[in-house]
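Have a look at the structure below before the remarks.
The values are calculated or read from the model by the stated rules, or taken from the named source; none is laboratory data. What you are looking at is a predicted structure, and each value in this text was computed from that prediction instead of being measured. No Cβ is skipped: glycine too gets one built from the backbone with ideal geometry, and neighbour counts run over all protein chains shown.
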Amino acid sequence: MAFKQVPISELSPGSFVVQVLQQSGDIAVKHAGWVRTASAVALLQKKGVQVVLIDPSKQLAAAISPITDNTEPAIAEAPADPILFADEMPRAERLIQQSQQVQSHVLDAAKHGKMIDLSLVHEVSAGISDSIARNQDVLLFLIRMAEQSDALLQHSINCAIYIAAFARHLNLPIDKVQALITAALLHDIGKASYAEPLQQADHLTISKTLKLLQKHPHLAGVVSLWIGQHCAHLDGSGHPKMSSLHIDHGSRMLAIVNNYEKLTSPQQGKFGPLTASRQLLQQSPQQLDSTLLQQFIKCIGIYPPGSVVKLSSGKLALVLENNVKKPLLPKVKLFYHSVHQHHIPVKVVDLAKQQDETIEACIDLKHYNLDIKNYL
């Protein structure tokens with residue numbers, strides 16, 4: 001069931017609130033969850049909430065009777081238990097498909113100057129946020145496996161997933177996480193009308209993107225701010241030319257994600273993850289925020305899920321999951337021996353527990369005439 005925008009005056013107890021879309025106050029919804037009582041709805045309205053996004057499929061069958069305890073939280077947090085990689089995979093695969101469909105509609109609307117259905121964008125943003133919270137490695141893995149003829153479409157989805165993981169890593173409130181994902185999905189829509197969109201300079205199309213977004217008065221103002229500033233550099237270069245003091249935190253995050261995705265994407269990237277990280281480190285602190293960049297690299301891992309690596313034994317392996325405590329020793333899937341040039345029995349190995357194997361380098365399977373799709 002699709003998400004639904006609801007004015008606060010029509011919000012009923014028992015509703016599952018995904019995101020605050022419009023407000024006059026500054027309430028921060030840190031977690032999606034249920035508004036269980038009439039007094040909780042009244043509290044949101046008192047704090048200036050005007051429009052929310054709800055998930056009708058999670059409506060409680062019977063709302064809790066009103067209570068007057070002022071300590072009651074406005075939104076009761078939904079439980080978020082860690083999910084195993086294999087269990088999250090089918091849900092993440094469906095989410096990627098949904099994201100591609102929605103983003104295709106968004107870019108088509110932008111191309112023809114039509115209104116964008118933001119409720120669909122918000123639904124994808126919330127879905128990505130939830131999947132990252134359950135197990136971020138799955139989506140990070142899938143975007144490196146994705147095949148998409150529309151490079152602009154895939155670039156925006158990849159950026160959305162990277163920034164979702166980044167924002168979660170920084171423990172940002174859920175409303176900001178979802179707003180950042182929305183910004184990543186929309187940051188390049190101004191390029192949709194070009195025959196070769198990714199060849200168009202970002203700074204030349206930002207104004208076109210912002211003009212399209214002006215048609216949507218309910219879009220959070222920070223989304224447009226981040227998009228407008230994501231090509232600004234901390235040393236005053238870039239676009240627009242401005243002091244680093246005025247470049248917002250979210251804009252700095254989007255700049256890092258946008259640059260990293262361009263360097264590493266299968267459609268346009270020229271570098272492996274490790275080389276791309278080194279390239280970005282060379283741009284800090286002059287152009288990119290060095291503290292945030294270090295956090296981003298820590299978040300996605302030195303060898304991100306979906307990377308292909310060569311081990312000290314000569315075996316090739318597909319990285320499945322990061323190891324937060326030992327980033328040089330992720331969980332991998334062995335499938336080929338580069339020295340003996342033959343396939344080996346597929347085996348999942350946790351390098352942190354396999355003392356005789358270490359990673360030598362990220363590699364490109366094309367050098368071995370192998371196709372990554374055969375080893376998923």
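Brief remarks follow.
- Matching residues, the stretch 103-116, being surrounded by 15 or more Cβ atoms within 10 Å (Cβ to Cβ) and in a loop (DSSP other than H, G, I, E, B): ILE116
- Qualifying residue in the stretch 221-244 (condition: in a loop (DSSP other than H, G, I, E, B) and either of a type in the set (Val, Ile, Thr) or outside the structural domain of ILE157 (by TED's automatic domain parsing) (or both)): no
- Qualifying residue in the stretch 174-190 (condition: farther than 25 Å from MET115 by Cα and in the same structural domain as ALA276 (by TED's automatic domain parsing)): yes
- Residues in the stretch 94-153 that are of a type in the set (D, E, K, R) and within 24 Å of LEU210 (Cβ to Cβ): ASP108, LYS111, LYS114, ASP117, GLU123, ASP150.
- Counted residues, the stretch 215-227 - those being modelled with pLDDT of 90 or more and surrounded by fewer than 20 Cβ atoms within 10 Å (Cβ to Cβ): 3
- Test: residue in the stretch 158-169 that is over 10 Å from the mean Cα position of the chain (by Cα) and under 18 Å from GLY250 (Cβ atoms): yes
- Filter result for the condition that a residue is within 30 Å of LEU234 (Cβ to Cβ), out of contact with any Cys (no Cβ under 6 Å at 6 or more places or on another chain) and not assigned by TED's automatic domain parsing to the domain that holds CYS231, over ASN322, ASN369: ASN322
- Wholly enclosed strands (runs of 3 or more DSSP E) of the stretch 318-376 bearing at least 1 residues in contact with a Phe, Trp or Tyr (Cβ under 9 Å, 6 or more places away or on another chain) and surrounded by fewer than 18 Cβ atoms within 10 Å (Cβ to Cβ): 331-337, 342-350
- Restricted to the stretch 232-246, and to residues there that are within 13 Å of SER284 (Cα to Cα) and in contact with an Asp or Glu (Cβ under 9 Å, 6 or more places away or on another chain), the residue that is surrounded by the fewest Cβ atoms within 10 Å (Cβ to Cβ) is SER244.
- First in the stretch 81-102 and surrounded by fewer than 21 Cβ atoms within 10 Å (Cβ to Cβ), second anywhere and hydrophobic (A, V, I, L, M, F, W, C) and outside any helix (DSSP H, G or I), Cβ under 8 Å, 6 or more apart: PHE85/LEU320
- Only one of the numbered conditions (1) more than 27 Å from VAL308 (Cβ to Cβ); (2) touching a Pro at 6+ places or on another chain (Cβ under 9 Å) is violated by HIS187, and that is (2).
- If you go through the stretch 157-199 and keep only what is polar (S, T, N, Q), surrounded by fewer than 24 Cβ atoms within 10 Å (Cβ to Cβ) and either touching a residue at least 40 places away in the same chain (Cβ under 8 Å) or in a helix (DSSP H, G or I) (or both), you end up with SER193, GLN199.
- Criterion: surrounded by fewer than 21 Cβ atoms within 10 Å (Cβ to Cβ) and touching a residue at least 24 places away in the same chain (Cβ under 8 Å) - qualifying residue of SER277, SER312: SER312
- Residue check for LEU212: assigned to a helix (DSSP H, G or I) and not basic (Lys, Arg): yes
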